[in-house]
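Data first, discussion second: the structure below is written as C-alpha coordinates.
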Amino acid sequence: MNQRVTLDTPAIEARPFKVYTQRQLDKIEALEKLPEDLRFDMRVVSQVLPFRVNNYVIDELIDWDKVPEDPIFQLTFPQRGMLKPEHFDEIAALMQAEAPAAELKEAVERVRSELNPHPAGQMDLNLPLLDGQPLEGMQHKYQETVLFFPSQGQVCHSYCTFCFRWAQFVGDKDLKFSSNEAESLHAYLAEHKEVTDLLLTGGDPMVMKAKHLRMYLEGLLKPELDHIQNIRIGSKSLTFWPYRFVTDDDANDILQLFRELTAAGKHIAFMGHFNHWKEMDTPVCREAVRRIRATGAEIRTQAPLLKHINDDADQWAKMWKMQVQQGMIPYYMFAERDTGARHYFEVPLVKAWEIYREAMKQVPGLCRTARGPSMSADPGKVEIQGVTEIQGEKVFVLRFIQGRSSDWVQRPFFAKYDEEATWLNHLKPAFGEEKFFYEDEFAEMKAEKQALIVKA
Ligand SMILES: *Cc1c(COP(=O)(O)O)cnc(C)c1O
(Lines give C-alpha, C1' and ligand atoms only; values in the text may rest on other atoms or scores of the structure.)
Protein backbone atom coordinates (compact mmCIF):
# COMPACT_ATOMS: atom_id res chain seq x y z
CA MET A 1 0.00 0.00 0.00
CA ASN A 2 1.19 3.46 -0.85
CA GLN A 3 2.28 5.52 2.09
CA ARG A 4 0.88 8.97 1.52
CA VAL A 5 2.68 11.95 2.83
CA THR A 6 0.20 14.41 4.21
CA LEU A 7 0.82 18.02 4.94
CA ASP A 8 -1.83 18.40 7.57
CA THR A 9 -0.83 21.25 9.77
CA PRO A 10 -1.20 21.03 13.49
CA ALA A 11 -4.03 22.91 15.09
CA ILE A 12 -2.39 25.86 16.76
CA GLU A 13 -4.27 27.40 19.60
CA ALA A 14 -4.25 31.14 19.99
CA ARG A 15 -2.24 32.46 22.91
CA PRO A 16 -3.04 35.81 24.49
CA PHE A 17 0.02 38.08 24.22
CA LYS A 18 1.37 39.06 27.62
CA VAL A 19 4.40 41.31 27.75
CA TYR A 20 6.73 42.19 30.62
CA THR A 21 8.99 45.23 30.69
CA GLN A 22 11.51 46.50 33.21
CA ARG A 23 8.84 47.56 35.70
CA GLN A 24 7.23 44.11 35.65
CA LEU A 25 10.42 42.11 36.13
CA ASP A 26 9.27 41.12 39.61
CA LYS A 27 5.95 39.88 38.27
CA ILE A 28 7.47 37.12 36.17
CA GLU A 29 6.64 33.94 38.02
CA ALA A 30 9.36 31.87 36.40
CA LEU A 31 11.97 34.12 38.02
CA GLU A 32 10.73 33.47 41.54
CA LYS A 33 12.74 30.28 41.79
CA LEU A 34 15.99 32.03 40.91
CA PRO A 35 18.45 33.21 43.59
CA GLU A 36 17.84 36.74 44.86
CA ASP A 37 21.28 38.03 43.77
CA LEU A 38 20.58 37.02 40.17
CA ARG A 39 17.29 38.86 40.30
CA PHE A 40 18.94 41.94 41.73
CA ASP A 41 21.52 41.85 38.92
CA MET A 42 18.68 41.82 36.41
CA ARG A 43 17.04 44.83 38.03
CA VAL A 44 20.32 46.75 37.87
CA VAL A 45 21.11 45.94 34.24
CA SER A 46 17.54 46.61 33.09
CA GLN A 47 17.87 50.20 34.34
CA VAL A 48 20.36 50.81 31.55
CA LEU A 49 19.60 48.36 28.75
CA PRO A 50 16.11 47.80 27.37
CA PHE A 51 14.15 44.79 28.59
CA ARG A 52 10.96 43.34 27.18
CA VAL A 53 9.89 39.73 27.07
CA ASN A 54 6.63 37.89 26.49
CA ASN A 55 4.82 34.80 27.72
CA TYR A 56 5.62 32.70 24.61
CA VAL A 57 9.36 33.20 25.10
CA ILE A 58 9.05 32.44 28.81
CA ASP A 59 6.77 29.41 28.47
CA GLU A 60 7.98 27.78 25.26
CA LEU A 61 11.50 28.87 24.37
CA ILE A 62 13.44 29.07 27.62
CA ASP A 63 14.46 25.86 29.34
CA TRP A 64 14.25 27.02 32.95
CA ASP A 65 16.20 24.01 34.21
CA LYS A 66 19.20 25.36 32.29
CA VAL A 67 18.99 28.97 33.47
CA PRO A 68 21.14 31.11 33.54
CA GLU A 69 23.12 29.39 30.75
CA ASP A 70 20.09 28.70 28.57
CA PRO A 71 20.72 30.53 25.26
CA ILE A 72 17.21 31.98 25.00
CA PHE A 73 17.42 33.23 28.58
CA GLN A 74 20.70 34.94 27.64
CA LEU A 75 19.03 36.28 24.51
CA THR A 76 16.23 38.02 26.40
CA PHE A 77 17.03 38.48 30.10
CA PRO A 78 19.58 40.97 31.45
CA GLN A 79 22.78 39.47 32.86
CA ARG A 80 25.22 41.12 35.23
CA GLY A 81 28.13 40.87 32.76
CA MET A 82 26.25 42.98 30.22
CA LEU A 83 27.40 46.07 32.09
CA LYS A 84 31.07 46.77 32.69
CA PRO A 85 31.91 46.27 36.39
CA GLU A 86 32.33 50.00 37.09
CA HIS A 87 28.97 50.77 35.48
CA PHE A 88 27.25 47.91 37.25
CA ASP A 89 28.65 48.89 40.64
CA GLU A 90 27.66 52.52 40.25
CA ILE A 91 24.03 51.76 39.35
CA ALA A 92 23.80 48.98 41.95
CA ALA A 93 25.08 51.30 44.69
CA LEU A 94 22.52 53.99 43.80
CA MET A 95 19.73 51.41 43.88
CA GLN A 96 20.84 49.94 47.18
CA ALA A 97 21.05 53.41 48.70
CA GLU A 98 17.58 54.16 47.31
CA ALA A 99 18.99 57.28 45.70
CA PRO A 100 16.56 59.93 44.43
CA ALA A 101 15.08 59.07 41.03
CA ALA A 102 16.76 62.07 39.37
CA GLU A 103 20.19 60.96 40.53
CA LEU A 104 19.66 57.42 39.26
CA LYS A 105 18.37 58.75 35.96
CA GLU A 106 21.42 60.97 35.50
CA ALA A 107 23.77 58.03 36.13
CA VAL A 108 21.81 55.74 33.83
CA GLU A 109 21.92 58.28 31.01
CA ARG A 110 25.63 58.82 31.45
CA VAL A 111 26.30 55.08 31.31
CA ARG A 112 24.16 54.77 28.17
CA SER A 113 26.08 57.57 26.49
CA GLU A 114 29.28 55.63 27.11
CA LEU A 115 27.96 52.60 25.21
CA ASN A 116 28.32 54.01 21.68
CA PRO A 117 24.56 54.25 21.11
CA HIS A 118 24.87 54.97 17.38
CA PRO A 119 27.39 52.75 15.69
CA ALA A 120 28.36 53.03 12.01
CA GLY A 121 27.25 56.57 11.16
CA GLN A 122 23.57 55.81 11.43
CA MET A 123 22.55 59.29 12.60
CA ASP A 124 24.18 61.35 9.89
CA LEU A 125 26.09 59.55 7.17
CA ASN A 126 23.16 57.37 6.17
CA LEU A 127 20.56 60.12 6.23
CA PRO A 128 18.74 60.53 2.90
CA LEU A 129 17.75 63.98 1.62
CA LEU A 130 14.50 64.86 -0.21
CA ASP A 131 14.43 68.35 -1.75
CA GLY A 132 17.46 69.15 0.36
CA GLN A 133 15.68 68.15 3.57
CA PRO A 134 16.88 65.22 5.68
CA LEU A 135 14.28 62.46 5.91
CA GLU A 136 13.70 61.11 9.38
CA GLY A 137 13.03 57.42 9.65
CA MET A 138 15.11 56.38 6.66
CA GLN A 139 18.65 55.35 5.94
CA HIS A 140 20.29 55.04 2.57
CA LYS A 141 23.78 53.61 2.85
CA TYR A 142 24.13 51.23 -0.08
CA GLN A 143 23.07 52.27 -3.55
CA GLU A 144 20.37 49.62 -4.14
CA THR A 145 18.76 49.46 -0.73
CA VAL A 146 16.78 51.96 1.33
CA LEU A 147 16.05 51.21 4.97
CA PHE A 148 12.74 52.44 6.31
CA PHE A 149 11.70 52.59 9.98
CA PRO A 150 7.89 52.78 10.05
CA SER A 151 6.79 54.66 13.16
CA GLN A 152 4.30 51.97 14.20
CA GLY A 153 7.04 49.34 14.07
CA GLN A 154 9.55 50.75 16.53
CA VAL A 155 9.20 48.12 19.25
CA CYS A 156 9.58 44.35 19.14
CA HIS A 157 7.57 41.49 20.62
CA SER A 158 10.54 40.99 22.92
CA TYR A 159 13.98 42.60 22.98
CA CYS A 160 17.30 40.90 22.34
CA THR A 161 19.89 41.67 24.97
CA PHE A 162 22.56 42.25 22.31
CA CYS A 163 20.46 44.48 20.06
CA PHE A 164 22.52 47.07 18.17
CA ARG A 165 19.48 49.35 18.03
CA TRP A 166 19.06 49.20 21.80
CA ALA A 167 19.25 52.99 22.13
CA GLN A 168 15.91 53.32 20.31
CA PHE A 169 14.15 51.44 23.04
CA VAL A 170 15.22 53.29 26.15
CA GLY A 171 12.82 56.17 25.81
CA ASP A 172 15.13 58.89 24.53
CA LYS A 173 13.13 60.42 21.67
CA ASP A 174 16.15 62.07 20.06
CA LEU A 175 17.81 58.73 19.61
CA LYS A 176 14.97 57.19 17.67
CA PHE A 177 14.57 56.87 13.99
CA SER A 178 11.06 56.44 12.85
CA SER A 179 8.72 57.78 10.27
CA ASN A 180 5.02 57.70 9.62
CA GLU A 181 5.42 59.29 6.29
CA ALA A 182 4.45 56.75 3.66
CA GLU A 183 4.26 59.67 1.23
CA SER A 184 7.80 60.90 1.67
CA LEU A 185 9.06 57.32 1.49
CA HIS A 186 7.32 56.83 -1.83
CA ALA A 187 8.45 60.25 -3.09
CA TYR A 188 12.07 59.51 -2.20
CA LEU A 189 11.95 56.12 -3.86
CA ALA A 190 10.35 57.59 -7.00
CA GLU A 191 13.34 59.95 -7.31
CA HIS A 192 15.88 57.17 -6.84
CA LYS A 193 15.71 54.78 -9.75
CA GLU A 194 18.94 53.11 -8.62
CA VAL A 195 17.09 51.66 -5.62
CA THR A 196 15.72 48.16 -6.16
CA ASP A 197 15.22 47.09 -2.55
CA LEU A 198 13.17 48.58 0.23
CA LEU A 199 14.05 47.12 3.61
CA LEU A 200 11.49 47.67 6.36
CA THR A 201 13.11 47.49 9.72
CA GLY A 202 12.68 48.76 13.28
CA GLY A 203 12.10 47.71 15.96
CA ASP A 204 10.15 45.04 14.23
CA PRO A 205 7.81 45.96 11.38
CA MET A 206 5.78 42.85 12.16
CA VAL A 207 4.44 44.38 15.39
CA MET A 208 2.43 46.66 13.08
CA LYS A 209 -1.20 46.07 12.30
CA ALA A 210 -1.82 44.68 8.82
CA LYS A 211 -3.60 47.90 7.83
CA HIS A 212 -0.50 49.99 8.65
CA LEU A 213 1.80 47.64 6.80
CA ARG A 214 -0.55 47.90 3.84
CA MET A 215 -0.32 51.70 3.93
CA TYR A 216 3.44 51.52 3.34
CA LEU A 217 3.55 48.61 0.94
CA GLU A 218 0.51 48.93 -1.31
CA GLY A 219 1.84 52.21 -2.70
CA LEU A 220 4.84 50.36 -4.08
CA LEU A 221 2.58 48.96 -6.81
CA LYS A 222 2.34 52.40 -8.46
CA PRO A 223 3.99 52.37 -11.92
CA GLU A 224 6.55 55.03 -10.89
CA LEU A 225 7.85 52.56 -8.31
CA ASP A 226 8.30 49.65 -10.72
CA HIS A 227 12.02 49.79 -10.01
CA ILE A 228 11.38 48.64 -6.43
CA GLN A 229 11.63 44.93 -7.11
CA ASN A 230 12.27 43.54 -3.68
CA ILE A 231 10.50 44.26 -0.44
CA ARG A 232 12.55 43.10 2.49
CA ILE A 233 11.14 42.85 5.99
CA GLY A 234 13.64 42.47 8.81
CA SER A 235 11.91 40.69 11.67
CA LYS A 236 12.40 38.62 14.77
CA SER A 237 8.69 37.79 14.97
CA LEU A 238 9.18 34.15 13.91
CA THR A 239 11.15 33.73 17.11
CA PHE A 240 9.31 36.03 19.48
CA TRP A 241 5.71 35.84 18.29
CA PRO A 242 5.04 33.41 15.41
CA TYR A 243 1.33 33.70 16.27
CA ARG A 244 1.54 36.92 14.25
CA PHE A 245 1.12 34.77 11.13
CA VAL A 246 -1.12 32.07 12.56
CA THR A 247 -3.72 33.13 15.11
CA ASP A 248 -3.48 36.92 15.61
CA ASP A 249 -6.68 38.73 14.59
CA ASP A 250 -5.18 40.11 11.41
CA ALA A 251 -2.78 37.22 10.66
CA ASN A 252 -4.66 36.40 7.47
CA ASP A 253 -4.67 40.05 6.40
CA ILE A 254 -0.86 40.05 6.58
CA LEU A 255 -0.66 36.91 4.47
CA GLN A 256 -3.19 38.34 2.02
CA LEU A 257 -1.04 41.46 1.61
CA PHE A 258 2.06 39.35 0.94
CA ARG A 259 0.08 37.37 -1.63
CA GLU A 260 -1.09 40.50 -3.43
CA LEU A 261 2.43 41.89 -3.61
CA THR A 262 4.00 38.68 -4.87
CA ALA A 263 1.16 38.21 -7.38
CA ALA A 264 1.89 41.74 -8.66
CA GLY A 265 5.50 40.74 -9.30
CA LYS A 266 7.29 42.05 -6.21
CA HIS A 267 9.61 39.73 -4.40
CA ILE A 268 8.98 39.59 -0.66
CA ALA A 269 12.16 38.72 1.14
CA PHE A 270 11.30 38.10 4.76
CA MET A 271 14.60 38.50 6.62
CA GLY A 272 14.11 36.26 9.63
CA HIS A 273 16.40 36.81 12.56
CA PHE A 274 17.29 33.48 14.22
CA ASN A 275 20.12 33.09 16.71
CA HIS A 276 19.54 29.52 17.79
CA TRP A 277 17.86 26.43 16.40
CA LYS A 278 15.65 26.26 19.50
CA GLU A 279 13.82 29.32 18.21
CA MET A 280 12.47 27.48 15.16
CA ASP A 281 11.70 24.19 16.83
CA THR A 282 8.13 24.88 17.97
CA PRO A 283 4.97 23.85 16.09
CA VAL A 284 3.75 27.43 15.90
CA CYS A 285 7.01 28.67 14.37
CA ARG A 286 7.00 25.89 11.79
CA GLU A 287 3.43 26.74 10.90
CA ALA A 288 4.25 30.46 10.61
CA VAL A 289 7.14 29.65 8.27
CA ARG A 290 4.91 27.42 6.17
CA ARG A 291 2.22 30.08 5.89
CA ILE A 292 4.59 32.89 4.94
CA ARG A 293 6.20 30.75 2.26
CA ALA A 294 2.78 29.72 0.94
CA THR A 295 2.20 33.37 -0.05
CA GLY A 296 5.12 33.27 -2.47
CA ALA A 297 7.43 35.12 -0.08
CA GLU A 298 10.89 33.71 0.61
CA ILE A 299 12.42 33.67 4.08
CA ARG A 300 16.11 34.43 4.39
CA THR A 301 17.83 34.18 7.72
CA GLN A 302 20.49 36.16 9.51
CA ALA A 303 21.98 36.57 12.96
CA PRO A 304 25.03 37.75 14.81
CA LEU A 305 27.45 35.29 16.36
CA LEU A 306 27.38 35.82 20.12
CA LYS A 307 29.21 34.52 23.13
CA HIS A 308 26.76 32.94 25.65
CA ILE A 309 24.18 32.33 22.91
CA ASN A 310 25.55 30.71 19.77
CA ASP A 311 29.38 30.67 19.76
CA ASP A 312 29.40 27.06 18.70
CA ALA A 313 29.83 25.55 15.23
CA ASP A 314 27.51 22.58 15.84
CA GLN A 315 24.73 24.91 16.84
CA TRP A 316 25.09 26.93 13.61
CA ALA A 317 25.26 23.76 11.50
CA LYS A 318 22.10 22.42 13.11
CA MET A 319 20.35 25.78 12.77
CA TRP A 320 21.21 26.16 9.06
CA LYS A 321 20.13 22.59 8.35
CA MET A 322 16.79 23.11 10.08
CA GLN A 323 16.28 26.35 8.20
CA VAL A 324 16.93 24.78 4.82
CA GLN A 325 14.67 21.86 5.59
CA GLN A 326 11.87 24.30 6.40
CA GLY A 327 12.55 26.11 3.14
CA MET A 328 14.42 29.09 4.56
CA ILE A 329 17.59 30.44 2.96
CA PRO A 330 20.61 31.15 5.19
CA TYR A 331 21.89 34.64 4.33
CA TYR A 332 24.25 36.27 6.86
CA MET A 333 26.33 35.46 9.90
CA PHE A 334 27.27 38.78 11.51
CA ALA A 335 29.93 39.83 13.98
CA GLU A 336 28.40 41.50 17.06
CA ARG A 337 28.39 45.27 16.52
CA ASP A 338 30.38 47.77 18.52
CA THR A 339 27.65 49.09 20.77
CA GLY A 340 25.74 48.39 23.97
CA ALA A 341 26.75 45.20 25.78
CA ARG A 342 29.20 44.16 23.04
CA HIS A 343 31.99 43.33 25.54
CA TYR A 344 29.75 40.56 26.90
CA PHE A 345 28.85 39.05 23.54
CA GLU A 346 31.81 39.70 21.30
CA VAL A 347 33.86 36.89 19.83
CA PRO A 348 37.34 37.47 18.36
CA LEU A 349 37.14 37.64 14.56
CA VAL A 350 39.48 34.69 14.20
CA LYS A 351 37.24 32.57 16.40
CA ALA A 352 34.16 33.71 14.52
CA TRP A 353 35.77 32.64 11.27
CA GLU A 354 36.69 29.24 12.76
CA ILE A 355 33.12 28.69 13.91
CA TYR A 356 31.83 29.67 10.48
CA ARG A 357 34.23 27.29 8.77
CA GLU A 358 33.59 24.39 11.16
CA ALA A 359 29.84 24.84 10.68
CA MET A 360 30.15 25.02 6.88
CA LYS A 361 32.11 21.77 6.91
CA GLN A 362 29.09 19.97 8.37
CA VAL A 363 26.32 21.15 6.05
CA PRO A 364 25.18 20.49 2.49
CA GLY A 365 25.68 23.09 -0.20
CA LEU A 366 22.13 24.38 0.20
CA CYS A 367 23.14 25.78 3.60
CA ARG A 368 26.32 27.38 2.30
CA THR A 369 24.50 30.46 1.08
CA ALA A 370 25.20 32.09 4.46
CA ARG A 371 27.96 34.69 4.13
CA GLY A 372 30.12 35.81 6.97
CA PRO A 373 31.35 36.42 9.50
CA SER A 374 30.52 39.94 8.40
CA MET A 375 30.98 43.27 10.18
CA SER A 376 28.39 45.97 9.41
CA ALA A 377 30.92 48.74 9.85
CA ASP A 378 31.03 52.39 8.82
CA PRO A 379 32.46 51.87 5.31
CA GLY A 380 30.39 48.76 4.58
CA LYS A 381 29.84 45.10 5.31
CA VAL A 382 33.28 43.54 5.61
CA GLU A 383 33.58 39.78 5.56
CA ILE A 384 36.38 37.73 7.07
CA GLN A 385 37.20 35.38 4.24
CA GLY A 386 39.90 33.58 6.13
CA VAL A 387 43.31 33.54 7.72
CA THR A 388 46.36 32.70 5.65
CA GLU A 389 50.06 33.35 5.32
CA ILE A 390 51.46 35.42 2.48
CA GLN A 391 55.24 35.81 2.11
CA GLY A 392 55.77 34.82 5.69
CA GLU A 393 53.17 37.21 7.13
CA LYS A 394 50.04 35.85 8.79
CA VAL A 395 47.05 37.86 7.57
CA PHE A 396 43.29 38.12 7.50
CA VAL A 397 41.82 38.03 4.01
CA LEU A 398 38.89 40.45 3.86
CA ARG A 399 36.36 41.63 1.31
CA PHE A 400 33.47 44.05 1.18
CA ILE A 401 30.15 42.29 0.74
CA GLN A 402 28.61 45.76 0.56
CA GLY A 403 30.32 49.13 0.42
CA ARG A 404 29.40 52.79 0.58
CA SER A 405 31.11 52.79 -2.80
CA SER A 406 30.03 49.88 -4.97
CA ASP A 407 33.55 49.90 -6.42
CA TRP A 408 34.93 48.52 -3.15
CA VAL A 409 32.79 45.40 -3.33
CA GLN A 410 34.48 42.00 -3.75
CA ARG A 411 38.09 43.29 -3.85
CA PRO A 412 40.19 41.12 -1.57
CA PHE A 413 42.29 43.08 0.94
CA PHE A 414 44.50 42.13 3.84
CA ALA A 415 44.90 42.95 7.51
CA LYS A 416 47.57 41.91 9.96
CA TYR A 417 46.56 38.81 11.87
CA ASP A 418 45.32 39.74 15.32
CA GLU A 419 44.07 37.11 17.72
CA GLU A 420 42.07 39.54 19.84
CA ALA A 421 40.53 41.84 17.27
CA THR A 422 36.73 41.84 17.36
CA TRP A 423 35.96 44.67 14.94
CA LEU A 424 37.22 46.39 11.82
CA ASN A 425 38.71 49.33 13.72
CA HIS A 426 41.01 46.92 15.59
CA LEU A 427 42.56 45.73 12.35
CA LYS A 428 45.73 47.19 10.79
CA PRO A 429 46.67 46.88 7.14
CA ALA A 430 49.09 44.04 6.37
CA PHE A 431 52.43 44.24 4.51
CA GLY A 432 53.47 47.52 6.12
CA GLU A 433 50.78 49.57 4.37
CA GLU A 434 49.56 52.66 6.17
CA LYS A 435 45.91 52.56 5.21
CA PHE A 436 43.35 50.21 3.79
CA PHE A 437 42.61 50.87 0.11
CA TYR A 438 39.23 52.52 0.76
CA GLU A 439 40.16 54.91 3.54
CA ASP A 440 40.96 58.07 1.56
CA GLU A 441 37.85 57.79 -0.57
CA PHE A 442 35.76 57.12 2.52
CA ALA A 443 37.11 60.25 4.26
CA GLU A 444 36.15 62.30 1.18
CA MET A 445 32.65 60.85 1.13
CA LYS A 446 32.19 61.72 4.79
CA ALA A 447 33.30 65.29 4.25
CA GLU A 448 30.96 65.69 1.27
CA LYS A 449 27.95 64.33 3.13
CA GLN A 450 28.71 66.53 6.14
CA ALA A 451 28.72 69.59 3.88
CA LEU A 452 25.32 68.58 2.42
CA ILE A 453 23.80 68.10 5.84
CA VAL A 454 25.10 71.43 7.11
CA LYS A 455 23.58 73.15 4.07
CA ALA A 456 20.26 71.42 4.58
C1 LIG B 1 23.00 45.06 5.48
C2 LIG B 1 22.46 46.36 5.09
C3 LIG B 1 21.73 46.48 3.91
C4 LIG B 1 21.44 45.31 3.00
O5 LIG B 1 22.59 44.85 2.35
P6 LIG B 1 22.51 43.57 1.42
O7 LIG B 1 23.90 43.29 0.97
O8 LIG B 1 21.61 43.94 0.26
O9 LIG B 1 21.95 42.46 2.23
C10 LIG B 1 21.26 47.74 3.56
N11 LIG B 1 21.50 48.83 4.33
C12 LIG B 1 22.21 48.74 5.48
C13 LIG B 1 22.45 49.99 6.28
C14 LIG B 1 22.71 47.51 5.88
O15 LIG B 1 23.42 47.43 7.02
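The values are calculated or read from the model by the stated rules, or taken from the named source; none is laboratory data. It should be emphasised that the depicted structure is a prediction, and the values quoted were computed from it without experimental measurement. Don't worry about glycine lacking a Cβ; one is built from the backbone with ideal geometry, like all the others, and counts go over all protein chains shown. Heads up: the accessible areas ignore ligands, DNA and RNA and are worked out on the full protein's heavy atoms, side chains in. Shrake-Rupley method; radii C 1.70, N 1.55, O 1.52, S 1.80 Å.
Check cross-link reach from K394 to the lysines: straight Cα distance under 28 Å, and skip same-chain residues fewer than eight apart.
K307, K351, K361, K381, K416, K428, K435
Roughly to the nearest percent, how much of the accessible area of segment 200-304 is carbon and sulfur, given a 1.4 Å probe?
C and S fraction of accessible area: 45 percent.
Skip the ligands, DNA and RNA, and give the accessible area per residue of the chain with a 1.4 Å probe, whole Å².
45 Å²
Name the residue from P85, T388, I231 whose Cα lies farthest towards the positive end of the charge dipole of the chain, charges +1 on Cβ of Lys and Arg and -1 on Cβ of Asp and Glu.
So the residue furthest toward the plus end is I231.
Among the aspartates and glutamates, which have Cα under 17 Å from the Cα of K449 when same-chain residues fewer than 8 positions away are ignored?
Partners found: D124, D131, E136, D378, E439, D440, E441.
So what is the relative contact order for segment 19-113, in percent, with contacts set as C-alpha pairs under 8 Å and at least six apart?
30 percent
Listed highest first by mean packing, meaning other Cβ atoms within 10 Å per residue, what order do 305-313, 333-341 come in?
Taking the mean over residues of other Cβ atoms within 10 Å, the ranking is 333-341, 305-313.
Counting helices only, and only those DSSP H runs with n ≥ 4, report the 222 nm mean residue ellipticity of the chain as the sum of -39,500 (n - 2.57) divided by its residues, in deg cm²/dmol to the nearest 500.
That calculation yields -9000 deg cm²/dmol at 222 nm.
Please state, rounded to one decimal and in Å, the Kirkwood hydrodynamic radius that segment 19-113 gives when every pair of distinct Cα atoms enters the mean of 1/r.
Over segment 19-113, the inverse of the mean reciprocal pair distance is 13.9 Å.
How many nm separate the modelled label positions at A451 and S405, each set 7 Å beyond the Cα in the direction of the Cβ?
1.6 nm
Where does segment 299-415 land on Rg/Rh, using Cα atoms and the Kirkwood Rh?
0.97
Expressed as a whole percentage, what fraction of the accessible surface of segment 19-113 belongs to carbon and sulfur atoms when a 1.4 Å probe is rolled over the protein heavy atoms?
48 percent
Would you mind estimating how fast the chain diffuses translationally, via Stokes-Einstein at 20 °C and 1.002 mPa s with the Kirkwood radius over Cα pairs, in µm²/s?
Answer, rounded: 92 µm²/s.
Among W64, L31, P50, which residue has its Cα furthest toward the positive end of the charge dipole of segment 19-113, with +1 on Lys/Arg Cβ and -1 on Asp/Glu Cβ?
It is P50.
Would you mind computing, in nm to one decimal, how far apart the modelled labels at A93 and T262 are, each placed 7 Å from Cα along Cα→Cβ?
Label at A93, label at T262, 5.8 nm between them.
Quickly rank 81-93, 266-278 as a protection proxy: mean count of other C-beta atoms within 10 Å, highest first.
266-278, 81-93
To the nearest 0.05, how large is the calculated FRET efficiency for R39 and K209 if R₀ is 60 Å and r is the Cβ-Cβ distance?
It comes out at approximately 0.95.
Given a cut-off of under 8 Å on Cα pairs at least six residues apart, what relative contact order in percent is computed for the chain?
Result for the chain is 13 percent.
Convex hull over the Cα atoms of segment 55-111, averaged projected area in nm²?
About 5.1 nm², averaged over all directions.
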